[in-house]
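Chemist: My questions all concern the structure below.
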Amino acid sequence: MMLSVMVMSTGATSFTDEDKVSDNYAEAVEVLTGMGVIKGDDNNAFRPQDSITRAEVSTLIYRAATADVGNTHPGLTAGANLFTDVSEDDWFAGYVNYCADAEYVKGYEDNTFRAANDVTGYEVLAMILRAVGYDKNNEFTGLSWTIQVASTATKLGMLKNLDDSVSLAAPATREVVAELIFRAIEPGVDTVHYSPAAGEYRSDRDGSLGQQKFDLASKPDADVWGRPNVKWYKANTSTVYATIEQAAAYTTNVK
């Protein structure tokens, strides 16, 4: 039996269009959905190939960075008045203002946020990397900020699964955003702090955002027939976020 690199998701996702999620990003979508970071629209659809707005990405990053997947606390920052085009009554106000106050997201020179604008892959990477602890030395500012963002993400292995057709300079699709956020918070990508004296980032040694906020862990497993999978779960509990099955390709006749 030969195991392919493609994964098939089972468990948490129940979107009406889950079959449209690209194989490369199925694991990210499945796990983030099981964690509660990703939610469907009013029709329970994920719309994986659609673009995504700055407000929507801020919401995802808020949940990933705080574990408030029940959305119980955004009202505390809804009236912060950090941007001229974000009012307290906007559904996204609490998420955007929280992320702005934490310096995960930034506005424009005219003090607007432009919540309805699409985001590029570079912009998503900058936002989630700031939540991990980067950009404390303002390396994501200036003419070469996209190079710095891509370099940091590459070093952390966050781009390893991206399809060759993906341009980080183009508006990012919802499934690509899920992939980038997932790779930034999975075990192995520790949160960091900047040491001015050393001029470098150092690991906080508390693990990743996913480990710190969701007790995120994974382990190889198998179903009752011995078919291999990877189980993503909440450490030291029976809570399973998602089970990712590997697709098995048989090369000989079997019974």
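Here, each number is a calculation from the coordinates, and none is a lab measurement. What you are looking at is a predicted structure, and each value in this text was computed from that prediction instead of being measured. Glycine also receives a Cβ, built like all others from the backbone with ideal geometry; neighbour counts cover every protein chain displayed.
Chemist: Which FRET efficiency value, to the nearest 0.05, is calculated for residue 87 and residue 50 with the Förster distance at 25 angstrom and r the Cβ-Cβ distance? Could you put the intermediate results ahead of the total?
Modeler: Working: r = 25 Å, r/R0 = 1.01.
Efficiency at R0 = 25 Å is approximately 0.50.
Chemist: Additional query: Report, largest value first, the span of the C-alpha coordinates of region 64-200 along each principal axis, in whole Å.
Modeler: On the principal axes, region 64-200 reaches 40, 39, 32 Å in Cα extent.
Chemist: What is the dipole size for region 9-72, taken about its Cα centre, with +1 at each Lys and Arg Cβ and -1 at each Asp and Glu Cβ, in debye to the nearest 20? Kindly include the intermediate steps, with their values, before the conclusion.
Modeler: Details: 5 positive and 11 negative charges, 52 e Å.
The calculated dipole for region 9-72 is roughly 240 debye.
Chemist: Identify the trypsin sites (Lys or Arg not before Pro) of region 136-171 meeting these criteria: DSSP loop state and at most 16 other C-beta atoms within 10 Å of the C-beta.
Modeler: 136, 160
Chemist: Which of the GluC sites (Glu not before Pro) found in region 98-143 are loop residues per DSSP with 13 or fewer other Cβ atoms within 10 Å of their Cβ?
Modeler: Filter output for region 98-143: 103, 109.
Chemist: Can you give me the Cα centroid spacing of region 211-239 and region 156-187 in angstrom?
Modeler: Result: 22 Å between the Cα centres.
Chemist: Using the alpha-carbon atoms, what tilt in degrees (0 to 90, nearest 10) does helix 54-66 show relative to the longest principal axis of the chain?
Modeler: Here the helix axis deviates by roughly 70 degrees.
Chemist: Based only on Cα atoms, what mean projected area does the convex hull of the chain have, in nm²? Working shown, then result.
Modeler: On the way: hull surface 63.6 nm².
The orientation-averaged projected area of the Cα hull of the chain comes to 15.9 nm².
Chemist: Here's a follow-up. With a Förster radius of 51 Å, plug the Cβ-Cβ distance of residue 255 and residue 198 into 1/(1 + (r/R0)^6) and report the FRET value to the nearest 0.05.
Modeler: E(calc), rounded to 0.05, equals 0.25.
Chemist: On full extension of the chain, what length is gained from residue 147 through residue 109, given 0.36 nm per residue of separation minus the C-alpha to C-alpha distance?
Modeler: Result for the pair: 11.6 nm of gain on full extension.
Chemist: Under a plain spin-label model, where a point goes 7 Å from the Cα along Cα-to-Cβ, how far apart in nm are residue 138 and residue 164?
Modeler: Each label point is offset 7 Å from its Cα along the Cβ direction, giving 4.0 nm.
Chemist: Cα-Cα over 26 Å: which of 20/136; 39/234; 106/234; 155/219; 20/155; 155/213?
Modeler: The pairs that break the limit, which is 26 Å between Cα atoms, are 20/136; 106/234; 20/155.
Chemist: Based on alpha-carbon positions alone, could you give the equivalent ellipsoid semi-axes of region 50-127 from the gyration tensor, as √(5λ), descending, whole Å?
Modeler: Details: eigenvalues 58, 49, 24 Å².
Ellipsoid semi-axes (Å, largest first): 17, 16, 11.
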